1. When the range 31-69 is examined, which residues are found to be more than 23 Å from Thr16 (Cβ to Cβ) and either part of a helix (DSSP H, G or I) or of a type in the set (A, V, I, L, M) (or both)?
2. Being part of a loop (DSSP other than H, G, I, E, B) and in contact (Cβ under 8 Å) with a residue 24 or more places away in the chain is true for just one of Pro203, Pro193. Which residue is that?
3. Read through the list (1) under 30 Å from Pro85 (Cβ atoms); (2) surrounded by 21 or more Cβ atoms within 10 Å (Cβ to Cβ), then give the number of the only condition that Thr150 fails.
4. Filter the range 171-190 down to the residues that are outside any strand (DSSP E or B) and farther than 22 Å from Trp139 by Cβ and list them by number.
5. Check the range 161-170 and report whether any residue there is of a type outside the set (D, E, K, R), part of a helix (DSSP H, G or I), surrounded by fewer than 22 Cβ atoms within 10 Å (Cβ to Cβ) and over 15 Å from the mean Cα position of the chain (by Cα).
6. State all residues of the range 10-27 that are in a loop (DSSP other than H, G, I, E, B), of a type outside the set (A, V, I, L, M) and in contact with a strand residue (DSSP E or B) (Cβ under 6 Å, 6 or more places away or on another chain); if no residue qualifies, say none.
7. Considering the range 68-87 alone, what residues qualify as being touching a Lys or Arg at 6+ places or on another chain (Cβ under 7 Å) and more than 15 Å from Leu124 (Cβ to Cβ)?
8. Is at least one residue of the range 127-150 among the small types (Gly, Ala, Ser) and touching a Ser or Thr at 6+ places or on another chain (Cβ under 7 Å)?
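The values are calculated or read from the model by the stated rules, or taken from the named source; none is laboratory data. All values reported here derive from a predicted model rather than from experimental measurement. When we count neighbours, we look across all protein chains shown, and the Cβ atoms used for this are built from the backbone with ideal geometry, even at glycine.
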Amino acid sequence: MTTNTFLPPCVSPDGTIPSLQRQGYALLDPQSVAALASVGLEQLNALVPSWSDLPPDQYLKDGGRYRRRRHASYRVQGGEVLAVPHRAHWQPLDYNALHGGMQRWFDPVAAHTAALPAWNALLLALGALCSTLKGEQPWFVEAHQFRIDTTDGIGRPTPEGAHRDGVDLVAVFLVDRQGVKGGETRVFEAAGPNGQRFTLTAPWSLLLLDDARVIHESTPIQPLEVGGHRDTLVVTLRASGFQDDRPLKLSPEPDKPV
């Protein structure tokens, strides 16, 4: 049986904010992502090798071994990316029924990865975009490097199913896709009947989501060859502090520019 692949309906950099305002999501091709971050594609590609050094996700409640990841937190404010001491990733059960309500301590993003120029450039660009969309303010940012592999025959990019993340903006960058089928992205109105489906295939293509307005998921992947995998960088931005199971406190050690 042939599976149709629907190409993402990309917009230009100038069309990003209007698309988010109109429909709650926007898609950018790799050239537009590079332009948004004011870097070259070669600088973005300098990040790619770090996805081969992600430790296994030890928190999968479905018993799977298909996900590897690293995690880092920042505050983006006033044109600076401020490093936040390494912290657990936490979501309420309302937003993640499978893995919510638990402190998940993932290995941090490697220092040499975070030191590459494109890393900060992407975070700054997303902070500026979010301020244009939602108003100028500090943004509490979490960055997740994911590899979904097919070692066990199937990999699930979103084991929690269709969901929102409880943040203001979600950015999903496709970093690499090798030897797999599936992995279709689906975006639905949170309060309406309309939806869109497409498959991200070009490295450094980007899906931006206004998290209050849309629900999203990606379908499972299956191998076409040994070692098949799908790599993504997921960045979330939230205005009122990190999601946490306690009130936001000042860090015991000061944030510092990176």
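1. Looking only at the range 31-69, we keep the residues that are more than 23 Å from Thr16 (Cβ to Cβ), and these are 46, 48-69.
The answer is Ala46, Val48, Pro49, Ser50, Trp51, Ser52, Asp53, Leu54, Leu60.
2. Values: Pro193 fails: in contact (Cβ under 8 Å) with a residue 24 or more places away in the chain.
Being part of a loop (DSSP other than H, G, I, E, B) and in contact (Cβ under 8 Å) with a residue 24 or more places away in the chain holds for just one of Pro203, Pro193, which is Pro203.
3. Failing condition for Thr150: (1).
4. We begin by selecting, within the range 171-190, every residue outside any strand (DSSP E or B); these are 179, 183-184, 190.
Once the filter is applied, which keeps residues that are outside any strand (DSSP E or B) and farther than 22 Å from Trp139 by Cβ, the range 171-190 yields Gly179, Gly183, Glu184.
5. The initial filter retains those residues of the range 161-170 that are of a type outside the set (D, E, K, R), namely 161-163, 166-167, 169-170.
Now restrict to residues that are part of a helix (DSSP H, G or I): none.
So far as the range 161-170 goes, no, none of its residues is of a type outside the set (D, E, K, R), part of a helix (DSSP H, G or I), surrounded by fewer than 22 Cβ atoms within 10 Å (Cβ to Cβ) and over 15 Å from the mean Cα position of the chain (by Cα).
6. Kept after step one, since they are in a loop (DSSP other than H, G, I, E, B), are these residues of the range 10-27: 10-12, 24.
Then drop every residue that is not of a type outside the set (A, V, I, L, M), which leaves 10, 12, 24.
Result: Cys10, Gly24.
7. Our first condition is that a residue be touching a Lys or Arg at 6+ places or on another chain (Cβ under 7 Å); within the range 68-87, this holds for 68, 73, 82-84.
Matches in the range 68-87: Arg68, Ser73, Val84.
8. Looking only at the range 127-150, we keep the residues that are among the small types (Gly, Ala, Ser), and these are 127-128, 131, 135, 143.
Next, only the ones that are touching a Ser or Thr at 6+ places or on another chain (Cβ under 7 Å) stay: none.
Within the range 127-150, none of the residues are among the small types (Gly, Ala, Ser) and touching a Ser or Thr at 6+ places or on another chain (Cβ under 7 Å).
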